[in-house]
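Presented below is the structure to which this report refers.
The values are calculated or read from the model by the stated rules, or taken from the named source; none is laboratory data. Predicted model only: the values in this text are computed from it and were never measured. Glycine gets a Cβ as well: all are built from the backbone with ideal geometry, and neighbour counts include every protein chain shown. Heads up: the accessible areas ignore ligands, DNA and RNA and are worked out on the full protein's heavy atoms, side chains in. Shrake-Rupley method; radii C 1.70, N 1.55, O 1.52, S 1.80 Å.
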Amino acid sequence: MKRREFIQQASVGTTLITLGGVGLQSFTSAPSKKITILHTNDVHSHIDAFGPNDGRNSNKGGIARRASLIENIRKENPNTLLLDAGDIFQGTPYFNYYGGKLEFKLMSMLKYDAATIGNHDFDNGIDGLFAQLPHAKFQFLSANYDFSNTIMDTHTKPYNVFIKDGIKIGVFGLGIKLEGLVDKAMYKETKYLDPIEISQDMTRILKTEEQCDLIICLSHLGYNYKQNPDKISDLKLAAATKNIDLIIGGHTHTFLSKPTVIKNSEGKNVLVNQVGCYGINLGKIDFYFDSKKNKSANGKSIII
Amino acid sequence: MRLTHLFFLLIFFVFSNCKEQNSYLTKIEGKHIVITDSLTKNKEVEDFIKPFREHINNDLDSILAYSPKICSKSDGELNTAIGNFMADAVYSESNPIFKSRTGNNIDMVLLNHGGIRAVLPKGNITKRQAYEIMPFENNVVVVALKGKQIDALLNYLKNKKKAHPISQLKLTLDQSYNIKEATIKGKLIKKDKTYYVATSDYLYGGNDGMYFFKPNDGLYVLDYKIRNAIIDKFNKLDTINPMIDDRFIQIK
């Protein structure tokens, strides 16, 4: 009689698994996990804070303050990634005098994990960017710049998978079309590839092959172009692709009051975020993971 | 009961291979944190920056010249004092370099109004002002253009009706913004003569709609920054007192 009951239960597979999970909690069930993503964009060599007479930016920014903020967040949650969405260079004499060396050294001191390449990062030419690479202890991610015929070949990766607390976080980089924006003499033989096509490849690789739990796109495409609706932007990219959880943007110096939620091609939510420019803000996105298979029951809540 | 446990375990092993279960995203929280002066500075980072900051400040704040008045790019209709100063500086400082390399003289200079990024303030003028007026790393290039191509350049100027900085070129428009007279170094422009036009590599690339630099009869890259032309000019002058003049005007 007992035996028959078990067989009946076994036929309702999922229920059994859930019960099993509860019954053997000490062995199977992990507590929920939290991954913190911190991000900046378009810092443009703003190493020092703004002075008291700088209008709405007065007394804001400054990398030494950002460093202590990030340090505190990391103490609270060691499972933190720090990312930058490009245009690290150009904007203060620090860049004119030292060519980007200080920017990279300081970002390394702050333990940035990865950055993508913005158009102004070519301002001293692709050779000027290459020359500063030894000072960067973080990775450069760019999936849609083909650098194979340039000095930057092999010095960037299309994507990287970071593992924090057992959670696999796939991050890939996207850059803006350089033609018409940057002098060809600066970017030389860098080839720009279509961001949507490349994102489709990247998300397939990160989701299917790398089995990532979280997929982040680090983009310098720009948030949105109202005057030029055909131009690719983060909002368009979010709607045209799938499996991206978060797009961290740059280029347009967009100060959002909070991250934007967009439905992707499968009707699922994608977060698009950008934090203006000049190191005035730090973006912070916390992702909470549960190991129980209760996804459909509880869904996913977004608090912004 | 023991059998029950065993059975559960068995099922569990089959489904999960005893690996950690997949993780599911359940909640996302997003916010922006403003970096304000209420945050303490990280000492290690601050100490690292300090010597570089001091070096730059010492260099930038050494006094090069004096300006008796504020010059803004918005003072003036088709030419401005600050624009005239910049274009004249590019002419006077670049021409010796160009001449020593090619044997030719620069005939005229064209920059863009949008490229003036700050005012020339009243008082002591330092290198910092040059960086503020011209923060970009643009270089001076000299483009060889035939007189008939100069027509396209003139048409651009009359159509834009903007105080794009020029030097050695004199352009007078009539009431309907048609060209009344155009001269280079005081002489009428000849269709077949080659003129050496100094500009920035940025504008040479067709930016700000300046498509008339291509095709051309030659390009000379001077490896000399526009900012350095301004700094060198500051160094040579005790008092900078640029004026609005009649180099680009409309007869009303």
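On the principal axes of its alpha carbon atoms, chain B extends 109, 42, 42 Å, with the longest extent given first. On a C-alpha basis, how far is the centre of the range A:38-63 from the centre of the range B:42-72 in Å? Whole number, if you could? A separation of 16 Å, based on Cα centres. Note on A:Val161: accessible area approximately 40 square angstrom, rounded to 10, probe 1.4 Å, nucleic acids and ligands left out. Working from label points 7 Å from Cα in the Cα-to-Cβ sense, the A:Lys157 to B:Asp192 distance is 6.4 nm.
Give the carbon-plus-sulfur fraction of the accessible surface of the protein assembly as shown in %, rounded to a whole number; probe 1.4 Å, heavy atoms of protein chains only. It would help to have the intermediate numbers written out before the result.
On the way: 13090 of 25750 Å².
Heavy-atom surface of the protein assembly as shown belonging to carbon and sulfur, 1.4 Å probe: 51 percent.
Within the protein assembly as shown, DSSP assigns beta bridges of which about 65% are antiparallel (rounded to the nearest 5). Phi angles across the range A:209-218 convert, under the Karplus curve 6.51 cos²θ - 1.76 cosθ + 1.60 with θ = phi - 60°, into 3J(HN,Hα) values of 7, 8, 6, 6, 8, 9, 10, 10, 9, 9 Hz, Gly and Pro given as x.
What whole-number value in Å² describes the accessible area per residue of the protein assembly as shown for a 1.4 Å probe? Display every interim value, and only then the final one.
Values: 25750 Å² over 556 residues.
Each residue of the protein assembly as shown exposes 46 Å² on average to a 1.4 Å probe.
Note on chain A: semi-axes of the ellipsoid equivalent to its C-alpha gyration tensor, largest first and rounded to whole Å, are 40, 22, 18.
Straight-line cross-link partners of B:Lys122 among the lysines, defined as a Cα under 25 Å from its Cα and at least 8 positions apart when in the same chain: B:Lys69, B:Lys73, B:Lys162, B:Lys225, B:Lys233, B:Lys236. A straight line joining the Cα centroids of the range A:153-167 and the range A:235-267 runs 21 Å.
Give, as a single signed number, the net charge of other residues whose beta carbon lies under 14 Å from the beta carbon of B:Glu137, with Lys and Arg counted +1 and Asp and Glu -1.
On the way: positive: B:Arg117, B:Lys225, B:Arg227; negative: A:Asp121, A:Asp123, A:Asp127, A:Asp183, B:Asp201, B:Asp223.
Spelling it out: positives minus negatives among the neighbours equals -3.
Sequentially through the range B:64-70, phi angles give Karplus couplings (6.51, -1.76, 1.60; θ = phi - 60°) of 10, 7, 10, 10, x, 8, 7 Hz, Gly and Pro residues having no value and appearing as x.
Once the Cβ-Cβ distance between B:Arg101 and B:Asp246 is put in as r, and R0 is 41 Å, what FRET efficiency do you end up with, to the nearest 0.05?
On the way: r = 32 Å, r/R0 = 0.78.
So the FRET efficiency works out to roughly 0.80.
Taking amide H as placed 1.01 Å from N in the peptide plane, the amide H of A:Phe255 sits under 5 Å from that of A:Gly276, each at least 5 places away or on another chain.
Backbone amide hydrogens, once placed in the peptide plane, bring B:Asn241 within less than 5 Å of nothing, excluding anything fewer than 5 places away on its chain. In this structure the amide hydrogen of B:Cys71, modeled in the peptide plane, comes within under 5 Å of the amide hydrogens of B:Leu120, none closer than 5 places in sequence on its chain. Measuring r between the beta carbons of B:Asp217 and A:Ser265 and using R0 = 45 Å, the FRET efficiency lands at 0.30.
Compare A:Arg66, B:Arg247 by solvent-accessible area with a 1.4 Å probe and give them largest first, with all protein chains kept in place.
Details: A:Arg66 5, B:Arg247 30 Å².
Correct descending sequence by accessible area is B:Arg247, A:Arg66.
Simple spin-label estimate for B:Glu29 and A:Gln200 gives 3.8 nm between the two label positions (7 Å along the Cα-to-Cβ direction from each Cα). Couplings for the range B:116-121, taken from phi via the Karplus curve 6.51 cos²θ - 1.76 cosθ + 1.60 with θ = phi - 60°, read 8, 9, 7, 7, 8, x Hz in order; Gly and Pro are left as x. Here each label is just a point 7 Å from Cα along the line to Cβ, and for B:Asp37 and A:Ser58 those points are 0.9 nm apart. Taking only the alpha carbons of the protein assembly as shown, we obtain Rg and Dmax values of 29.7, 113 Å in that order. Interface size, chains B and A: roughly 5900 Å² of accessible area buried, both sides included, 1.4 Å probe, rounded to the nearest 100. Convex hull volume of the Cα atoms of the range B:116-251, normalised per residue: 124 Å³.
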